[in-house]
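Before anything else, here's the structure in question.
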Amino acid sequence: MTVAAVPAARGRSNGWWGMALFVAAESTLIGAIVGSYFYLRVNTPVWPPHGIPMPSVLAPVVLTAVLAAALIPFRAAVHLARRGARGQAFALLVLATCAQAAYFGIQIHLFDDSLGRFGPQANAYASIYYVLLGADHAHVAIGLLFDAWLLARIAFRLTPYRLRALQAVALYWTAVVVLTIVVVLTQLSPRM
């Protein structure tokens, strides 16, 4: 059975609403971390403290742009899947996943590089810096697991259930991109 053979459901699916609740909870978590970051910043005379380099601007901004650009093929995959074009939707989902995985791989490398320069136990800045970036990277990793699951399911067959899953994961990735932008702006705030 293909998606084109099944009448479109009205309204949002339970999976989409479940993902919306999950995204709301995770947004609250990131919001609390960002709030903690600025609380610590206001109560610390030098931010970042002496001995810790100012955060780089170029890499986080370019990588965030790559992650945001991955939403374009992901959203197009949802659109094509609604029309029953499984092969094209699958190809676009592969493209989006590759961009997201590249973002993740480079970010983990940069994270590891930062750990080599200063550890999370160094001071309050280092601690909240790693919590902030770690939480964001964890969300990207979860999204990549969602992608892998979708790719395995959509590779051979597109059902209404899988279409709803694709829509829910698209919502998740949209939220992750927004949260990543917030994290990057927070990370770069000492330069502003």
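The values are calculated or read from the model by the stated rules, or taken from the named source; none is laboratory data. Note that the structure is predicted; figures quoted are calculated from it, not measured. All Cβ positions, even for glycine, are placed from backbone atoms using ideal geometry, and neighbour counts span all protein chains on display. Just so you know, the surface numbers come from the protein's heavy atoms only, side chains and all, with ligands and any DNA or RNA stripped out. Shrake-Rupley method; radii C 1.70, N 1.55, O 1.52, S 1.80 Å.
So the check is Cβ under 7 Å with 6+ separation or different chains; which pairs have a first residue in region 19-48 that's over 15 Å from VAL183 (Cβ atoms) and a second one that's open to solvent by 60 Å² or more (accessible area, probe 1.4 Å) and not hydroxyl-bearing (Ser, Thr, Tyr)?
From region 19-48, the pairs are TRP47/ARG41; PRO48/MET54.
Next question. Within region 28-46, take every residue that is closer than 15 Å to LEU185 by Cβ and not charged (D, E, K, R) and give me the one that is farthest from the chain's Cα centre (by Cα).
Within region 28-46, the subset closer than 15 Å to LEU185 by Cβ is 30-31, 33-35, 37-38, 41.
Subset that is not charged (D, E, K, R): 30-31, 33-35, 37-38.
Working: ILE30: 12, GLY31: 15, ILE33: 16, VAL34: 16, GLY35: 19, TYR37: 20, PHE38: 22 Å.
The residue in question is PHE38.
Given the conditions (1) part of a helix (DSSP H, G or I); (2) of a type outside the set (A, V, I, L, M, F, W, C); (3) open to solvent by less than 50 Å² (accessible area, probe 1.4 Å); (4) touching a residue at least 12 places away in the same chain (Cβ under 8 Å), which single one is not true for GLY87?
(4) is the only condition that GLY87 fails.
Go through region 102-152 and count every residue that is of a type in the set (Ser, Thr, Tyr), open to solvent by 20 Å² or more (accessible area, probe 1.4 Å) and without any contact (Cβ under 8 Å) to a residue 24 or more places away in the chain. Break it down into steps so the answer makes sense when it comes.
Of all residues in region 102-152, those of a type in the set (Ser, Thr, Tyr) come to 103, 114, 125, 127, 129-130.
Okay, now just the ones that are also open to solvent by 20 Å² or more (accessible area, probe 1.4 Å), so 127, 129.
With without any contact (Cβ under 8 Å) to a residue 24 or more places away in the chain added as a condition, the list becomes 127.
The number of residues fulfilling the criteria is 1.
Then there's this: Quick check: is even one residue across region 18-29 buried (at least 16 other Cβ atoms within 10 Å of the Cβ), modelled with pLDDT of 95 or more and over 23 Å from ILE142 (Cα atoms)?
no
Would you point out the residue of region 92-101, among those that are touching a Leu at 6+ places or on another chain (Cβ under 9 Å) and free of Cβ contacts under 8 Å to residues at least 40 places away in the same chain, that is nearest to ALA170 (Cα to Cα)? Walk me through how you get there before you give the answer.
Residues of region 92-101 that are touching a Leu at 6+ places or on another chain (Cβ under 9 Å), as a first pass: 92-94, 96-97, 99-101.
Adding the requirement that they be free of Cβ contacts under 8 Å to residues at least 40 places away in the same chain leaves 92, 99.
Details: LEU92: 12, ALA99: 15 Å.
Ranking the candidates gives LEU92 first.
Being in a helix (DSSP H, G or I) and surrounded by fewer than 18 Cβ atoms within 10 Å (Cβ to Cβ) is the filter here, so list the residues in region 44-67 that pass it.
Narrowing region 44-67 to residues in a helix (DSSP H, G or I): 58-67.
The answer is LEU58, ALA59, VAL61, VAL62, ALA65, VAL66.
Condition check ((1) under 20 Å from PRO49 (Cβ atoms); (2) touching a Lys or Arg at 6+ places or on another chain (Cβ under 7 Å); (3) of a type in the set (A, V, I, L, M)) across all residues:
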| residue | (1), (2), (3) |
| --- | --- |
| ALA77 | no, no, yes |
| LEU80 | no, no, yes |
| LEU92 | no, no, yes |
| PHE104 | no, no, no |
| PHE111 | yes, no, no |
| PHE118 | yes, no, no |
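Return the total of residues in region 68-84 being open to solvent by less than 20 Å² (accessible area, probe 1.4 Å) and either assigned to a helix (DSSP H, G or I) or out of contact with any helix residue (DSSP H, G or I) (no Cβ under 6 Å at 6 or more places or on another chain) (or both). Can you show your working first?
Quick first cut of region 68-84, residues open to solvent by less than 20 Å² (accessible area, probe 1.4 Å) only: 70, 73-74, 77-78, 81.
If we keep only those that are either assigned to a helix (DSSP H, G or I) or out of contact with any helix residue (DSSP H, G or I) (no Cβ under 6 Å at 6 or more places or on another chain) (or both) too, we end up with 73-74, 77-78, 81.
Number satisfying all stated conditions: 5.
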